[in-house]
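Q: Have a look at this one.
What follows draws every value from the coordinates through simple rules; no lab data is involved. Note that the structure is a prediction, hence the values are computed from the model and not measured. Glycine also receives a Cβ, built like all others from the backbone with ideal geometry; neighbour counts cover every protein chain displayed.
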Amino acid sequence: MESTAQLEHNKQVVQQLFAAWNAGEIDTASNLISTECNGGGLEGFRRELEAFLQAFPDLQSTLEDLLAEGDKVASRVTMRGTHRGSLFGIPATGKSVTMKANHIFWLEHGRIVQRHGQMDRLELMQQLGMKLVPNEPQ
Amino acid sequence: MSVETNKAILEQFSQAMGQFWQTGDANVFDAVIAEDAVIHQPGFPPNREGFKQALPAFRTAFPDFQVLEFAAFGEDDQVADRIVWTATHKGELMGIPPTGKTITVRETHIRRFAGGKIVEHWGQWDQLGLMQQLGVIPSQ
């Protein structure tokens, strides 16, 4: 049985996750992720977040929308940051970027057991001044 | 409207997508997307007519579009979903000639409903990931 309190608690976990990102507190964020989470478990999550914060040390996410049903929470965030470190092999450009992402999280006992995030890296690349070229052997 | 009603409308949207892929008639979306709906999806214009005009290019590029996974849940007047689809690149897409490659694409959406239709759509998908599967890479 899902209760309103349970749904609210699950939403709070997601709010805490983005608050920890904003504070650059990787340990706090990691405490909300199950060791069994998809995407490489806890280590996979840490690696992704570290890489992202290394690329955008001043990253700030604004939670635009949050909804929950059963053990699932969906979020819509706008992230803003300055490209200060290497990202997908692209050296720091110093450019300010705005990224939008949708996430779907599955929770169990107050921890995230599945995370499915999507953002458009093409728009990000365009903001960094990159274009797409054929990946052909030279 | 209840979440279950909105999920049923979303199911109609999915069926409309299937019909569109079969027939090429984008007007099937008029029954499920409000005329003044706002569309937020990378690579797509922000309104229903733009959405309808942008889709045929994908139908041409990926004629065998097939949904692998779909799950939706909702609260109040919104429904969120996650979809995984696959297709073979058989037609030109954004200047890339058909490669014959099979791609897999993941999307997450949040949609708001009113009056029995979708009135706002926030979708995310990784267009770069799609393009990389077709063999392009970012460059300065």
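Q: Quick one: residue A:64 ticks every box in (1) of a type in the set (Asp, Glu); (2) out of contact with any Phe, Trp or Tyr (no Cβ under 6 Å at 6 or more places or on another chain); (3) over 27 Å from residue B:138 (Cβ atoms) bar one, so which box is it?
A: In the conditions (1) of a type in the set (Asp, Glu); (2) out of contact with any Phe, Trp or Tyr (no Cβ under 6 Å at 6 or more places or on another chain); (3) over 27 Å from residue B:138 (Cβ atoms), residue A:64 misses (3) alone.
Q: Of the residues B:67, B:32, B:28, which is over 12 Å from the mean Cα position of the chain (by Cα) and in contact (Cβ under 8 Å) with a residue 40 or more places away in the chain? It would help to see each step written out before you state the result.
A: Details: B:67 fails: over 12 Å from the mean Cα position of the chain (by Cα); B:28 fails: in contact (Cβ under 8 Å) with a residue 40 or more places away in the chain.
Of the residues listed, the single one that is over 12 Å from the mean Cα position of the chain (by Cα) and in contact (Cβ under 8 Å) with a residue 40 or more places away in the chain is B:32.
Q: Also, I was wondering about something else. Which pairs do you get when a residue that is more than 9 Å from chain B (Cβ to nearest Cβ) and surrounded by 19 or more Cβ atoms within 10 Å (Cβ to Cβ), found in region A:67-81, comes within reach of a residue that is of a type in the set (Gly, Ala, Ser) and in a strand (DSSP E or B), reach meaning Cβ atoms under 7 angstrom, with the pair 6+ apart or on two chains?
A: Pairs found: A:77/A:61; A:77/A:101; A:79/A:61; A:79/A:101.
One line per residue, one yes/no per condition, for (1) farther than 17 Å from residue A:117 by Cα; (2) within 14 Å of chain B (Cβ to nearest Cβ):
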site: A:5; (1), (2): yes, no
site: A:12; (1), (2): yes, no
site: A:19; (1), (2): no, no
site: A:25; (1), (2): yes, no
site: A:30; (1), (2): no, no
site: A:33; (1), (2): no, no
site: A:38; (1), (2): no, yes
site: A:46; (1), (2): no, no
site: A:51; (1), (2): no, no
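Q: Could you list all residues from region A:109-125 that are in contact with a strand residue (DSSP E or B) (Cβ under 9 Å, 6 or more places away or on another chain) and more than 8 Å from every other protein chain (Cβ to nearest Cβ)?
A: Quick first cut of region A:109-125, residues in contact with a strand residue (DSSP E or B) (Cβ under 9 Å, 6 or more places away or on another chain) only: A:111-125.
Across region A:109-125, the qualifying residues are A:111, A:112, A:113, A:114, A:115.
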